[in-house]
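Worksheet: one structure, shown below.
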Amino acid sequence: MILFTISIVVLAVILIGVAVYAVMQKDLLFAVIATGIMSLILSVLFFLMQAPDVALTEAAIGIALTTIIFVITIRNTSRREDEVPILKESDASEMDDKQKAKI
Amino acid sequence: MENIDFNQILSIAIYGSAVGLILIGLYAVLMKKHLTKIIIGLSIIDAGIHLLFIAIGYISNGTSPIFSEKGISLVSEGTKMVDPVPQALVLTAIVIGFGVTAVALSLVIRLYRHHQTARIDQIKTLKW
Amino acid sequence: MRKLLVLFLLAVIAFSLYKPLSTIEFGADRMGSIENPTTVGAYYLSKTPSELSVANVITAIVVNYRGFDTLGEVSVLFLAATGLGSILYRRRKEGEHSISISKPSSQLLQAGSKLIYPAILVLGAYVFIHGHLTPGGGFQGGAIIATGILLMMMSYKDFHLNHTVLTWIESLAGITFATIGIAGLIVGKTFLENFMPIGTLNDLFSGGIIPIIYIAVGFKVAAELAGVLDTLLSIKEK
Amino acid sequence: MGGAILAYLAKRITPMLSSIVSFLAISSAAVVFFTMTSSTDVVTVSVRNFTLQFGLNAYSWVFAAMVMGISALVSLYNIAYMSGKDRLGYFNLNFTLAIMSMMGIVFANDWISFFIFWEIMTWSSFLIVVYNGIDEGKIGTKYMIFSAVGGYAMLMAIVITNSQIDSFLIADLINAYPTFGHGMQAMIGILFLIGFSVKAAVMPLHVWAPRAYSDSPMSFTAIFSGLLSKMGIFGMAIMFISVFSKASIGDTFIYSQVIAWLGGVTAVMATFYAVIQKDAKRLLAYSSIAQLGYIVTGLAIGTKLSVMSALFLAVIHALYKGILFMAVGAVERQAGSTNLEQLGALIRKMPWTFFSALIAAIALAGIPPLGGFVGKWMLYESMITSTNPSHLFLVILIFLSSTAAFLYVYRLLFGLFLGQEEPEWDHVKEAPAPMVIPMVLMALTLILLGYAPGLLFEPIANGMEFLGFENVGWQMSSLSNIWGDTVDMQYVWGSVVTLFVLGAIFITIKNRKSTRYVTTKDIHTSGEIPEAHENLTYAVDFYKPFERAIEPVMRKTMDFYYNHFGNGLESLFGFVRKIYTGNGQTYAMYVVIFLVILLLIGEQIFK
Amino acid sequence: MVVSPVHFIAVPLLAAFLMPILAKVNKNLLRIVPGIVLTYLGYVSVVLMNRVATEGTIIEVLAGWSAPWGINLVYTPFTGFLATLMIAMSFLIWLYSFKFKKVDDEPALKYFILQLMLTTGSVGLVLTGDIFNFFVFMEIIALSSYALTAFYRDRNGAEAAFKYLLIGAFASTLFLLAIVLLYSQVGTLNMAEISVRMHDVPTSMKVSILVLFLVGIGIEAEMFPLNGWAPDAYSQAPSPVGVAFAALVVKAGVYGLVRITYTLFGIEGSGIGPFLIIMGGITLVMAEITALKQTSLKRMLAYSSIGQMGFVLIAFGIGTHEAVFGAIFLMFNHAIIKGLLFMSGSYLVYNTPNKEIKYLSGYGMKMPVISLFFSLGALAIVGLPPFAGFWSKLYILLAAADGALYGLIALILVVSIIEIVYYFRVVGRLYFGKPAEGSIMRKPTVGGMIAMSILAIAILVVGFYPDIITGYIDAAASSILNTDEYIKNALGAVNELTPVENIIQ
């Protein structure tokens, strides 16, 4: 019981910490990896709370797949949260047209 | 040692972290400008709710709702199984959440292609 | 200013969530007794071994009691895959091929993936075939298989999924699910009701239609997730 | 009677592909109507939990006859007037619908069907107003807004009535009205009056009327001003006579007085506006408003005589205003313009048109031998004999406006038909027969009614008895005044007609003389040759001094206030919609704020 | 195989799963299959509507577990009416979009799948008797809507879809949270059972759950501060999808709101009724005010749609039989009229820049039929007789008058005037002036014309002879108001948990 309590409390604290890190981190790649870690901890918590099915699902989907699609998105967009947009809105539309023309 | 109420600590830890996740996620959704960050926030909120739901189904000293070889006899022995319904629902919810996240991220990619930025306050051609 | 407002709002929400949660005692038994169930959870626990002969109650719930939800859930994934395809679709011009975004990976990773890949597939298959006995099931197994495929896609640039095969797997699995449901209607029972012998508890071949459906779900989920990943990975780099 | 209604309903599905079809439909309906009036059965249509009733009574017969007769003639006129214009199907569909709906209003025995047909009338006439496409449809929109205000005020009154008495029948409201509380009486009364006042173009609600009248095709304006506005009068008469008079006098008295004064003010103001107009159509439009003002005043005073005069005037007005609009329409079609300052001397080119316009103008101005005189006579008399001293002031207003009416009538006749001849208009010919025949027929009717007003008094008296008056006396061809004398119309007619003929001949000859050899371009002023484009006929600045005199009154029109109000609202709305900022995050913020507010106050509002 | 409500979900799902394979066989099959499916479902609706009229509520037990143990479908006159309406509208949308994207191959295939799934989700949401199943269907609707909104792959479509997704994710999150709290209190997910056990839930908990539900489902029902997504999504989605939003998605949202407030919590005595009236009023006013200032036709229609939903909320808030009757009637009318408006409007603005109204001058002459349809729709939606919209407005006003809510009547009517202004501005413009040079008119497809004609005829028929539909609506209104009846039917006789005798006190 004590072990159970302690582990859950520790995990909960780490969970919150990781979540805060994920939100505050300006580098999105790290933020996403933090989300993955969050899922991992969550999965462990589920397991501890006698929900092995959910833990397995969270492990497969939350840790692996979600993280991966986030990473792919970041590859395709911008990596840093505080990036200054290079183009103004009007330019963007021109750019858009050019892109369209290109494709 | 005996007068420590484990349940109290546990409930604070679990409920607290679940609510904490919801709040952190909400904060990200409301304050962060980057689209990806907003979606991270949404998935954190989801995670918090899942944790909350599992916690509500949990029973102290329960076992997972899977019958082992001993089968039905377990039930009568007084050992309790945790409520299986929240687990089934969370299972469903996780999968649905993944679907929504995937679609959201594809939209982010599309928006970035068009606008060359992923900041939500830059993307408001449609208004009023 | 905005930050203050948000923090205030969050505080209020925290307080409002705390109030109801404080009345829900953690770890308390709200299910009632299994012999005389007052909640659905207890009822499921009491009925599953005898009526369905499925060891994993969660599987029983997901596939049978609330099988309709699962049908919807599969549809959601199906929709996500379809929607993703439609959102990210770009007309390809002649001579243009989709390029995987990943850089050529190291020899080690390539060799490792090749080694692990079949193992992961087998693991995934095991998980969903034994879904009614052990933790896990169609969703988990499908996701695991998709992860394996992902590994291969990341390591080998020219690893491509055959879309036709994916489509066939996905569709056939979905059709199997729906047809089994309708078969229940045809044999005079209700939609998705079990019409096969339930076997004995903890047997691989037990639970009537439950394993069949879960295997179909597994295939479907695997195909859909792989499809999603393939679509995302084949985005042309900017 | 059911047959008649069926005929109207059947018309709706007729594809109105040409004016002829619409004419045939309307005139056949008219024939059906006039031959079947004897039957008085009631047609009921049931809709879910209430029934719609249609039926005819003595009162509505007056209006039904007026609508049917005049619209049959106008639709004949319409054939020629509209020929050669595009989108005839569109126009004629709405034209027929408008007429049909007026019949529906008149036949309605319950408020729901009354309202249904009222609104059909409104939107079909709206679609005609925008037909010409002048001013980007703004006029149409304005018309629609005011009509909607009126219509919805009425609808509100109807539903409130229903909640009180659980019935839609007009008769039930009449019976139950006195039992309502004061507040309820006031609310229902005011709402109904607003609804009817809009159509009757009573002063503060009249701003839609001038442009709407003048901008729609003339064949419709004849109906619009002559008949459509009478529907407001139709409803008002029911309210004033049947409904209010049975209630305790204390409350309703005030509404009647207010409306009476509004009617008077409307009459005066609109007359002034009419005088300074430069366009014949616009002039007639204002004139219509003024005349409606008289009628409203007559109704609102509510004595036996005044109501009779009002109803009489209503019918007469439909006739003469129909003629005038048709005449102007004929001029417009033949000459291509209706500007009083440019046109002139069409008398010899369009003699029949002139003849009918002249008759109508005489009737309008209230010169003795014709119907207009009879009506106004009774109106003055009723006001003078009224027990309420304020009516004496009112009569001054009315008198003022009817004197001023001479001015614009004269200007109209002069501007169009008399005055100097110009080569520009040499090509103008008389309008084709389908246009002339209705005008002449209606002019003859006017003369007949002037000779024997009793023809019209009989149904009106019957109608008034139905509404609640007792022993409404009438005579075939004489009027009685307060002193007990009777004025026999035959003598008046005989004496005046001689004068009139003499006068007409005189005027014609005089005009011929003065215009024979001179054109505009020949005028020399102090040796200077005026610029060619400068139009110096008499018709320019015709009433300049008068204009100057009334200028202070005119400076700020009601229109001005309404426009400001509208603009203010629009900019407020423009501000309000900024809530939709376009930023998805802001929307999310709204959601959370809303959630928090509900969480905070939830315990209080949800029990 | 006997016709039963589950066909509404099983058959289209089967078809949707089948469609990718069919597409490999023949591309044209894909366009035809939804039509066949919807025709069959139309047949099912007709059969079931007749059965429900004679035999009363139909309960479909799924997976052999009767309520409250398993999920069941509840086919009451109300849900049946909505389902029938949705199927009919989907069929018309299919007709309208039959030739949609003829040139564009692959996404067009996906379009039909998504549209079919949208229908399935909406019908399923209406029919289900289980709160979590409700949530699942809500997600099906949401996901297909997101994908369909972004279907035109331009920047605005994606932007609109993202906003929709952001707010929609909130909706589902809050809804899920509400289910979590609810389950912890009542231990069941069946709505009838929840309704029975709701009495035992402590008030503060009840309020929290209610608030979460209200906000969650209010987003789908386009309640005022929660509807930022709606105008963007409506105006940027392809036009058939706009119709689907107005006819299916919003209807499903309003249904959810009604089911939750009426059945789960009970409207009488609680503050929900006034709350709905106030929120509906604010929604109505805000939306119509904003619509007045729109320059883009589709956006204007979108705001108008929101306003109508506010009107529906008001009517449901009043809560008497008459009001609910009016509300359901209005939902029906809104579906057909807004459908017609979107369909004809999108042809009108097909080639105008930014879909702006000001370029529409004189289209009345160039596209007479389409303009006629649009004008008909405009006349009907503002509630002018003798068209369909009038009757619903009349009944709601009558109900408000019976409740002595005179201020509310005045508010509704004033807002109607605003509505008249902006609709008639467009109609006036259509019939005025000359079209700009070089404006290309798009010729409507045959299917589109048929769909629009059917809607126009429906508007006229219902307008002239409302009794054709009032019987069904009356039954629907009674069934939504009678919670006891619902519980009794849904739980049936085989209830071991709470005996039926105890439910009906």
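Nothing in this text is a laboratory measurement; each read-out follows from the coordinates by a stated rule. Everything quoted here is computed from the prediction, not taken from an experiment. Here the Cβ positions follow ideal geometry from the backbone for every residue, glycine too, while neighbour counts run over all protein chains shown.
Close Lys pairs in the stretch E:267-463 (alpha-carbon distance under 18 Å; sequence gap of 8 or more, or different chains): 14. Ranking E:Phe311, E:Pro353, E:Leu372 by Cα position along the charge dipole of the stretch E:267-463, where only Lys, Arg, Asp and Glu carry charges on their C-beta atoms, puts E:Pro353 farthest toward the positive end. Counting charges near C:Ile198 (Lys, Arg +1; Asp, Glu -1) among other residues having Cβ under 13 Å from its Cβ returns a value of -2. Each residue in B:Thr101, A:Thr67 was given a count of other beta-carbon atoms within 10 angstrom of its own, and listing them fewest first yields A:Thr67, B:Thr101.
Reducing the stretch D:92-115 and the stretch D:581-595 to their Cα centroids gives an inter-centroid distance of 48 Å. Positive end of the dipole of the stretch E:267-463 (Cβ unit charges, origin at the Cα centre): among E:Leu394, E:Leu405, E:Ala335, the Cα lying farthest that way belongs to E:Ala335. Restricting attention to chain C, the count of lysine pairs at 8 or more positions apart or across chains with alpha carbons under 17 Å apart stands at 7.
Simple rule: put +1 on each Lys or Arg Cβ and -1 on each Asp or Glu Cβ in the stretch E:267-463, find the dipole, and look at E:Tyr423, E:Leu460, E:Phe275; the Cα lying farthest toward the positive end is E:Tyr423. Taking θ as phi - 60° and the Karplus parameters 6.51, -1.76 and 1.60, the scalar couplings of the stretch E:470-485 work out to 5, x, 5, 5, 4, 4, 4, 5, 4, 6, 6, 7, 8, 5, 4, 4 Hz in sequence order, x denoting glycine and proline.
Computed from phi, the 3J(HN,Hα) profile of the stretch E:157-165 under the Karplus parametrisation 6.51, -1.76, 1.60 (θ = phi - 60°) reads x, 5, 5, 4, 5, 5, 4, 4, 5 Hz, with x in place of Gly and Pro. A simple spin-label model places pseudo-atoms 7 Å from Cα toward Cβ; at D:Ile437 and E:Arg442 they are separated by 5.0 nm.
Shape class for the stretch B:6-122, computed from the alpha carbon gyration tensor (a ≥ b ≥ c): oblate, with a/c not under 1.5 and a/b at or below b/c. Working note: Karplus 6.51/-1.76/1.60 with θ = phi - 60° gives the stretch E:46-59 the couplings 4, 4, 5, 4, 5, 5, 5, 6, 8, 9, x, 3, 9, 10 Hz, where Gly and Pro are set to x.
Among the chymotrypsin sites (Phe, Trp or Tyr not before Pro) within the stretch D:158-259, not one is in coil by DSSP while having at most 10 neighbouring Cβ atoms inside 10 Å.
The stretch E:216-253: which chymotrypsin sites (Phe, Trp or Tyr not before Pro) are DSSP loop and have at most 11 other beta-carbon atoms within 10 angstrom? Each step should come with its number before you reach the end.
Numbers: sites: E:Trp229, E:Tyr234, E:Phe245; in loops: none.
Taking the stretch E:216-253 and a limit of 11 other Cβ atoms within 10 Å, no loop chymotrypsin sites (Phe, Trp or Tyr not before Pro) are found.
With a/c under 1.5 counting as rounded, go ahead and sort the stretch D:558-605 into rounded, prolate or oblate using the C-alpha gyration tensor (a ≥ b ≥ c being the square roots of the eigenvalues; past the cut-off, prolate if a/b is larger than b/c, else oblate). The shape class here is oblate.
Among the lysines of chain B, pairs at least eight places apart or on separate chains and with Cα atoms under 27 Å apart come to 7. For E:Ser478 and C:Asn36, the FRET efficiency from 1/(1 + (r/R0)^6), where r spans their Cβ atoms and R0 equals 45 Å, is about 0.80.
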